[in-house]
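Supplied in structure tokens, the structure appears directly below.
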């Protein structure tokens, strides 16, 4: 195996002999002793991880002096201890950095995501994780970084086209059955998403549309996945686009114009689930709904089965209570109706009606009798008057009545008759027929 020289002590050990023997002999013997004593020089005395980390740290301290570094800030975290952790990056690389509390208190500005900075510090090794980082002693703002500038420029362009307007956002279906997820099938995002779905609403079917979510070509892959999901038959009810967390560089594919336009063109409601709570991507702004993480996307999409069942049980209990109350009310009303006289003793109601009918009959009969008596009296009165003026009374006194039977007229003047006229004469007790032979006037 390869051996490791452990700092100046190893160099000194190899350059001197313990007994002052000739150089070649000393060198050979020292080499053999070093292999058996110095850690890392043989498989019998390997370095521990802590020893290796300490050696790297000491080597960096001795050989790398303070330096200035320029780049763009991302992943800023201000710890409760007062220390500030961040990432400094450029177009192709990034490195972790830390500002201790004492140094941060001397900074006269508030550091923000996407800010370009100029810092001075030293390279350090963080032993517990075996990573190296820059310990910044000074930090100066330099304006916006190139990624932030590109983000703002594209955001302004797409906003002017109305792609982020709230009125074009669509509501999510209450109970979706078929869901598509454009993401990496090997990432943690899909596993977290499915785990939450299984817990909340296992009846849903999820179709994973594989796509790169990081690196060159990822944006085009995501856009193609969205377009493919919109061609699936039968149509999907909902489409999720996202990935797990990462730095702003890892998430940059979701800030590309091709992805934003694919989200806006989707006929299926889109949920953006780019797993970073701090950074907001253009995909988040264009989607119908933004979720902070894939797990939260599953919570916003799927109803809680336990809550739904609890609600249904509550509704069932309330409905049963309402029905029982209504039944009791109707029973009470029914009993009240059965206790009414018209139900218990209907003949009593008829007796009253019959009595009223008898009273009406009595009054009607009495009224008719009075009317008949009145009419009889008036008739007798009129008959007496008619009898007084009747021609029969006149005939009874010796008079007669001569008529023209052909015309039914009474002959009272000589001008009405002529010789040969057939007449009919009526007396008190009969009548006879005559033919006129002679006529004489006064």
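Restricting the stretch 227-241 to residues that are surrounded by 14 or more Cβ atoms within 10 Å (Cβ to Cβ) and under 28 Å from residue 304 (Cβ atoms), which is farthest from the chain's Cα centre (by Cα)?
Per the criteria, the residue is 232.
Quick test for you: out of 342, 270, 323, pick the one residue that is more than 25 Å from residue 146 (Cβ to Cβ), outside the structural domain of residue 88 (by TED's automatic domain parsing) and modelled with pLDDT of 95 or more.
270
Which number in (1) touching a residue at least 24 places away in the same chain (Cβ under 8 Å); (2) outside any helix (DSSP H, G or I); (3) surrounded by fewer than 20 Cβ atoms within 10 Å (Cβ to Cβ) marks the one condition that residue 261 misses?
(2)
Also: Have a look at 200, 170 and point out the one that is more than 24 Å from residue 283 (Cα to Cα), surrounded by 13 or more Cβ atoms within 10 Å (Cβ to Cβ), out of contact with any strand residue (DSSP E or B) (no Cβ under 7 Å at 6 or more places or on another chain) and in contact (Cβ under 8 Å) with a residue 12 or more places away in the chain.
The conditions single out 200.
What do you reckon, is residue 165 under 24 Å from the mean Cα position of the chain (by Cα) and free of Cβ contacts under 8 Å to residues at least 40 places away in the same chain?
yes
Quick one: is residue 85 within 18 Å of residue 246 (Cα to Cα) and modelled with pLDDT of 85 or more?
Spelling it out, residue 85 is indeed within 18 Å of residue 246 (Cα to Cα) and modelled with pLDDT of 85 or more.
So residue 140 ticks every box in (1) more than 19 Å from residue 256 (Cα to Cα); (2) out of contact with any strand residue (DSSP E or B) (no Cβ under 6 Å at 6 or more places or on another chain); (3) surrounded by fewer than 15 Cβ atoms within 10 Å (Cβ to Cβ) but one. Which box is left unticked?
Only one criterion is unmet by residue 140, namely (2).
Also: Test of understanding: among 270, 274, 289, which residue is surrounded by fewer than 21 Cβ atoms within 10 Å (Cβ to Cβ) and touching a strand residue (DSSP E or B) at 6+ places or on another chain (Cβ under 6 Å)?
289
Within the stretch 173-189, does at least one residue satisfy the condition of being more than 22 Å from the chain's Cα centre (by Cα) and free of Cβ contacts under 8 Å to residues at least 40 places away in the same chain?
Yes: one or more hits.
The values are calculated or read from the model by the stated rules, or taken from the named source; none is laboratory data. Keep in mind that this is a model prediction, so the values were computed, not measured. Quick reminder, even Gly has a Cβ in these numbers, built from the backbone with ideal geometry, and neighbours come from all protein chains shown.
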